[in-house]
Amino acid sequence: MTSVHELMDYAEVIERFDPVLGLEVHVELHTNTKMFCGCANVFGGEPNTQVCPTCLGLPGALPALNGKAVESAIRIGLALNCEIAEWCRFARKNYFYPDMPKNFQTSQYDEPIAYNGYLDVTLDDGSLFRVEIERAHMEEDTGKSLHVGGATGRIHGAEHSLLDYNRAGVPLIEIVTKTISGTGERAPEVARAYVTALRDLLKALDVSDVRMDQGSLRCDANVSLMAKDATEFGTRTETKNVNSLRSVERAVRFEMTRQAAVLVAGGKVTQETRHFDESTGSTSPGRTKETAEDYRYFPEPDLVPIAPSREWVEELRGTLPELPWERRKRVQQEWSLTDAELRDLVNAGAVDLVAATVDAGVTPAEARSWWVAYLTKEANNRGVELSELAITPVQIARVIGLVNSGELTNKLAREVVTGVLDGEGEPEAVIEARGLKVVSDDSALEKAVDEALAAQPDVAAKIRDGKVAAAGAIVGAVMKATKGQADAKRVRELIIARCS
């Protein structure tokens with residue numbers, strides 16, 4: 001059998017095979033408490049401090065359903081154009097795993113709360129691709145295992161494992177697509193675009209913080225290949241818990257090239273889970289994938305069925321916010337953006353940030369210039385998402401206002417923003433501490449101009465002879481002398497006046 005490192009050229013994969021995808025996205029809800037008990041639902045607590053007999057699965061402890069989680073599940077289903085079940089219930093999904101303290105997961109199986117929906121996603125060239133949704137169902141998250149020792153951080157080769165059950169019982173919504181076919185070479189792009197659109201939607205609904213780096217949004221990517229003349233789907237693999245948008249795309253692409261190499265070499269793809277390695281962009285085997293029968297589902301006897309009234313469902317429909325794609329159409333018109341400019345905003349994750357900056361009192365063009373250009377570069381350099389930068393839209397608006405009033409030059413403004421990003425305080429505090437105000441005193445500027453002209457008499461002579469373009473050299477000298485704190489336009493005016 002071909003090893004994991006033997007890959008087929010991507011163009012040849014597309015020539016020989018049709019990719020088939022299925023995406024399962026797990027969303028942790030940011031309710032105050034867990035799904036079936038009153039323990040705090042907070043990320044990052046000390047291990048095993050947010051637990052109780054119910055989420056630890058101790059004998060005699062009974063679950064009680066979190067009403068807010070049900071509300072969030074219905075709102076998610078409605079936003080995904082799903083039908084909402086008039087009657088559904090939970091089931092027990094039985095399997096042994098160290099981070100499942102009950103040895104079963106309370107989930108929904110054949111009776112999900114939301115089903116048969118779709119999400120239209122925008123691809124890089126602006127075209128739309130419809131991803132059909134099989135279901136969105138409620139369940140609880142598992143605990144976390146920390147494998148100590150070994151080179152990979154996984155159980156293989158580890159000396160021992162530590163278990164943290166704080167996450168056990170955290171409310172989850174699992175959103176499962178129907179089979180995604182017909183994507184051709186764009187399969188990895190479609191996968192990324194779908195998870196991106198889903199993340200934006202969930203954030204707009206305010207049901208989750210959708211932090212992929214913290215695991216509150218995780219994608220399992222199912223990939224298989226069909227030969228061009230085949231009539232049946234190939235064997236799929238499931239790459240588990242992919243935790244960034246870029247990695248979703250990379251994982252799908254890698255599996256396509258790996259599976260193609262296996263098949264062309266005469267091997268068979270194993271139905272299994274796989275792990276994605278961020279550092280190499282490759283996948284590695286996990287465990288042989290179970291089927292539904294292996295989990296021995298049966299109805300959860302300790303929870304009553306859920307029967308949301310049609311009146312409540314319609315009431316919740318009325319709470320849906322302006323959806324991200326609708327908002328983009330609106331701001332494109334209001335801000336007079338081209339399709340390319342809007343795509344730049346979306347790809348940078350800057351739409352909400354620009355909108356908030358505009359709301360703080362600046363023009364869309366000014367706000368876009370800062371977030372899409374300078375701040376996107378800063379985010380890349382610092383290895384964080386744009387929204388994670390330590391600066392707010394209100395602070396950016398204040399900096400822009402200081403530039404417009406002449407108190408800062410663009411260069412000084414960038415220094416101020418850098419100071420804020422580095423934790424030096426509010427923009428005004430950074431200006432004061434670094435001494436960054438524009439030198440606006442004409443007497444000080446005139447002195448600097450006279451010194452620069454005296455230092456470059458040949459340039460001064462050219463200016464006096466009418467060659468005003470030569471003034472640029474004197475402007476540069478004055479800006480250097482004032483450490484960039486002079487108003488270049490005013491400096492140029494003084495130079496021309498001095499040489500006239």
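What is the residue count in the range 246-286 for residues that are part of a loop (DSSP other than H, G, I, E, B) and without any contact (Cβ under 8 Å) to a residue 24 or more places away in the chain?
3
Going residue by residue through the range 231-241, is there one that turns out to be touching a Phe, Trp or Tyr at 6+ places or on another chain (Cβ under 7 Å) and either crowded, with 22+ Cβ neighbours inside 10 Å or assigned to a loop (DSSP other than H, G, I, E, B) (or both)?
Looking for residues that are touching a Phe, Trp or Tyr at 6+ places or on another chain (Cβ under 7 Å) and either crowded, with 22+ Cβ neighbours inside 10 Å or assigned to a loop (DSSP other than H, G, I, E, B) (or both), one finds at least one in the range 231-241, hence yes.
If I go through the range 403-417 residue by residue, how many of them are open to solvent by 30 Å² or more (accessible area, probe 1.4 Å), modelled with pLDDT of 85 or more and out of contact with any Gly (no Cβ under 9 Å at 6 or more places or on another chain)?
3
Could you please find all residues in the range 305-328 being open to solvent by 80 Å² or more (accessible area, probe 1.4 Å) and either among the small types (G, A, S) or free of Cβ contacts under 8 Å to residues at least 24 places away in the same chain (or both)?
Correct list: E311, E314, E315, E326.
Scan the range 336-350 and report the pairs whose first residue is on the phi > 0 side of the Ramachandran plot and whose second residue is assigned to a helix (DSSP H, G or I) and surrounded by fewer than 16 Cβ atoms within 10 Å (Cβ to Cβ), with Cβ atoms within less than 8 Å and a gap of 6+ or a chain change.
G349/S387
Select the strands (runs of 3 or more DSSP E) contained entirely in the range 1-112, then report the ones holding at least 1 residues which are free of Cβ contacts under 8 Å to residues at least 40 places away in the same chain and closer than 30 Å to V223 by Cβ. Walk me through it before giving the result.
Details: elements: 17-28, 91-94, 104-107.
Because the criterion is at least 1 residues that are free of Cβ contacts under 8 Å to residues at least 40 places away in the same chain and closer than 30 Å to V223 by Cβ, the strands (runs of 3 or more DSSP E) in the range 1-112 that meet it are 104-107.
Among residues belonging to the range 329-357 that are hydrophobic (A, V, I, L, M, F, W, C) and in a loop (DSSP other than H, G, I, E, B), point out the one that is most open to solvent (accessible area, probe 1.4 Å). Let's see the steps before the verdict.
If we filter the range 329-357 for residues that are hydrophobic (A, V, I, L, M, F, W, C), which is where we start, we get 331, 335, 337, 340, 342, 345-346, 348, 350-351, 353-356.
If we keep only those that are in a loop (DSSP other than H, G, I, E, B) too, we end up with 335, 337, 350.
Values: W335: 36, L337: 16, A350: 0 Å².
For the range 329-357, the residue satisfying everything is W335.
Looking for whichever is on the phi < 0 side of the Ramachandran plot and open to solvent by 10 Å² or more (accessible area, probe 1.4 Å) here; the options are V394, V399, V420. Which one fits?
V394
So V478 ticks every box in (1) open to solvent by 20 Å² or more (accessible area, probe 1.4 Å); (2) modelled with pLDDT under 75; (3) assigned to a helix (DSSP H, G or I) but one. Which box is left unticked?
Status for V478: all satisfied but (1).
Does A158 qualify as being open to solvent by 50 Å² or more (accessible area, probe 1.4 Å) and either modelled with pLDDT of 95 or more or not charged (D, E, K, R) (or both)?
Numbers: open to solvent by 50 Å² or more (accessible area, probe 1.4 Å): no; either modelled with pLDDT of 95 or more or not charged (D, E, K, R) (or both): yes.
No.
For the range 189-226, give me each residue that is assigned to a helix (DSSP H, G or I) and either out of contact with any strand residue (DSSP E or B) (no Cβ under 8 Å at 6 or more places or on another chain) or of a type outside the set (A, V, I, L, M) (or both).
Matches in the range 189-226: E189, R192, Y194, T196, R199, D200, K203, A204, L205, D213, Q214.
Return the pair list, or none, for Cβ contacts closer than 7 Å from residues in the range 173-185 that are closer than 13 Å to N116 by Cβ to residues that are open to solvent by 10 Å² or more (accessible area, probe 1.4 Å), at least 6 apart or on different chains.
Taking only residues 6 or more apart or on different chains, the pairs are V176/E24; V176/E134; V176/R135; T177/G22; T177/E132; T177/E134; K178/E132; K178/E134.
Tell me yes or no: at least one residue of the range 127-137 is within 29 Å of V51 (Cα to Cα) and either part of a strand (DSSP E or B) or in the same structural domain as V176 (by TED's automatic domain parsing) (or both).
The answer is yes; a qualifying residue exists.
If I go through the range 102-125 residue by residue, how many of them are hydrophobic (A, V, I, L, M, F, W, C) and over 25 Å from the mean Cα position of the chain (by Cα)? It would help to see each step written out before you state the result.
Taking the range 102-125 and keeping what is hydrophobic (A, V, I, L, M, F, W, C), we get 104, 113-114, 119, 121, 123.
Filter once more, keeping what is over 25 Å from the mean Cα position of the chain (by Cα): 104, 113.
Of the residues in that region, 2 qualify.
The values are calculated or read from the model by the stated rules, or taken from the named source; none is laboratory data. Keep in mind that what you see is a predicted model, and the values were worked out from it rather than measured. A quick note on method: Cβ atoms are made from the backbone with ideal geometry, for glycine too, and the neighbour counts reach across all protein chains shown. Heavy atoms of the whole protein, side chains included, go into the accessibility calculation; ligands, DNA and RNA do not. Shrake-Rupley method; radii C 1.70, N 1.55, O 1.52, S 1.80 Å.
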